[in-house]
Amino acid sequence: MAISPVNIARVSQGLRTNLVLNSLQRNQRDVFLSQTRLASGRRFVTSSEDPVGSARALDLTQALARQRRFAANATHGDMFLAAADSSLSEISSLLIEASTIASQNVSNLTSGAERAAQAEVVAAIRQQLQIVGNRQFNGRYIFGGRETTDRPFVDRLGGIAYVGDIGEMFARMSDELLTPINMPGNEVFGALSNPLARGVDLTPKLTDQTRLEDITGAVGGAITLGTIVFNEDGGAGVFTVDLSTADTIGDVVTMINDAASDAGAALTASLSDTGLDIDPSGSSLTVTDVGGGSVTADLGIRTTSPTTTTITGQAIVPRITRLTPVDALAGGAGIDIDSGFIVTNGARTVTIDLSAVETVQDIINTINNAGVGVLSRVSEDGTAIDVFNTVSGTSLTIGENGGTTATDLGIRTFDTATPLDILNFGNGVSTEIGEMDLRITAKNGSTVDVNLDTAKTIGDVITLINDAATDASVSVKASFADTGNGILITDSTSGSDPLSIGTMNLSHAPFDLGLVQTVTGTAKELLGADVNPTRTEGILGALIDLETALRSNDTRGITAAGGRLDDLRADVIRSHGIIGARSQAMTQKRLQLEDASLTSEIFLSQVRDVDYAQAITQLQSAMTRLQANMQTSSVVLNLSLLDFLR
């Protein structure tokens, strides 16, 4: 910086002093800024020094911070997936070992003692699999789904219950991209049963309080809000209705009617059980959207050709939510909540009382908190309530408690409509074609022989038994139990002998139907077993079945369990492949983010970081100017006699 000249010919002492001080301050500031740049390593300390460079540096700093955060997410996800990949490799090895044991112990040359010894090995494999299922990475459970702070697999009800979450965790890789970084234990281990066969539609009634976000539109998707254009030819003409703020289907009706009233239109909107109705009230009416909107199609009321008749909207379907009132279920028919139902899982039986519930959430909470190892939730399609068995190694049954609660909810495991071919975990019912399959011996000694060749459902079995009893003139009647589950045989004869059911012609059907029983004394009813329980079909349940079959020297059970394990190994391999692919993709994404971060750092350095050689030169120049300024100032401000004489 140049030193400002000071003309001292006719300058007052005060002005001379101010000029010198200003010059010194400017040079001191230059020295200070040069020293600060060298100390901080930055080209500029404040934005005012370089507004353009400062704005560019701010953008790059924010971009770099996001990239580093995403890279950290990718690093965590990569390590989490690597841990899951390693665990799945261990699971595969353990299943191979268990399958080998199963195949080696089906031979007739293997003794019961040898099988019992191998059962201990299978038990150890099962325990090791449970340990793998509860494995952690950085204090987080790998297979816990989104709930990573609690053990997902616990001992319960004589089996192994999955109490983890059934969703996936995601890592954010960019502002728009979320990538899954785990697989919940229920998928890897097959730790949940299939949902109970529903057979009912609990779709709730459409009311003016039904929220639009809980409705499936007329074209099968969500309702996208927008602006509707009504053209009332010969009446109010064209007017629009903005539905962007509507929350419920009742709001839509109100907004349309209010807009029509304001426009002086004659049309009216109303809500039916299935959707919207628009009454033109004699005018010629068309209903369309603004621009490329789709709200009229979603609501089922789009009418491009003028009409004077009532526009009956296409069906829009409300979905079940946790807040849906119980009395709105099944189209408003509701369900029997007074009787409750009976849940048996393993050795534990609980009667579920729903008499105080008001919403679907209340039903879900009551079932989930019953302590019988079941998980209840709203089905994905929003039309039913799903119930799962969460305990590997146990069988779940749900029956009535004298009413129709379980049937109304679609969660009864066994009823007259149950097909025979799904009983006994899909093994069905084996009959002897052309022969009698079972014999009922009444208390008076009379017998009823039944051929089950034509039976397809439990209801068919009951009909065939009753027809055979009528033909034999024996006062025996078959029905289905009102409490619990099973075929109920009622004996109205006057005898005192035992009431029993046995097999004929070596048929296995009576066993498959759970009817091979005997009742004595004064009892006149024989209740068959529930032979359609629900169980998990995963690897832990298969290992428990294999262990049980080995201990009981059951070659048929060993073969069945071994076959399940072979099938489940394929599922584990598939899961392993998914995790491996995710891990590989995550590694590539991490490397891309690290490269992007490095590039951003280079650009940021070019914009923000100081050139030390240039900064040192500038500092030396500023110090030289400051020294010269100080020397000149001492001369300029040196007073003499002439200064007083002037």
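Only the coordinates and a few stated rules stand behind these numbers; no lab work does. Owing to the predicted nature of the structure, the values given are computational and were not obtained by experimental measurement. Backbone-built Cβ (ideal geometry, glycine too); neighbour counts: all protein chains shown.
A few comments on the model shown:
- Among (1) -0.37; (2) -0.31; (3) -0.61, the entry that matches log10 I(q)/I(0) by the Debye sum over Cα atoms at q = 0.06 Å⁻¹ as calculated here: (3)
- At an R0 of 22 angstrom, the distance between the Cβ atoms of Leu38 and Glu601 translates into a FRET efficiency of 0.55.
- Note: relative contact order over the chain, using C-alpha pairs below 8 Å and six or more positions apart, is 18 percent.
- In sequence order, segment 112-126 has phi-based couplings of x, 5, 5, 5, 4, 5, 5, 4, 5, 5, 5, 4, 5, 5, 4 Hz under the Karplus curve 6.51 cos²θ - 1.76 cosθ + 1.60, θ = phi - 60°, and Gly or Pro positions carry x.
- Cα pair distances in segment 212-318, grouped into 10 Å bins until the bin that holds the longest one, percent each: 16, 55, 27, 2
- Kirkwood hydrodynamic radius over Cα pairs of segment 329-411, then Stokes diffusion coefficient at 20 °C and 1.002 mPa s, in µm²/s: 165 µm²/s
- Here the extension length gained between Glu358 and Phe511 equals 50.9 nm, from 0.36 nm per residue of separation less the Cα-Cα distance.
- Segment 160-268 - charge dipole about Cα centre, Lys and Arg +1 at Cβ, Asp and Glu -1, debye rounded to 20: 460 debye
- Expected 222 nm ellipticity per residue - DSSP helices of 4 or more, -39500 (n - 2.57), all of the chain, to 500: -13500 deg cm²/dmol
- Computed FRET value (nearest 0.05) for Thr520 with Asn369, which takes r as the C-beta separation and R₀ as 56 Å: 0.90
- Dipole-positive endmost among Leu488, Val290, Gly428 within the chain (Cβ charges, Cα centre): Val290
- Distance (nanometres) between label positions extended 7 Å along Cα→Cβ at Asp482 and Ser48: 9.2 nm
- Rounded if a/c under 1.5, otherwise prolate or oblate - segment 522-618, Cα gyration tensor axes: prolate
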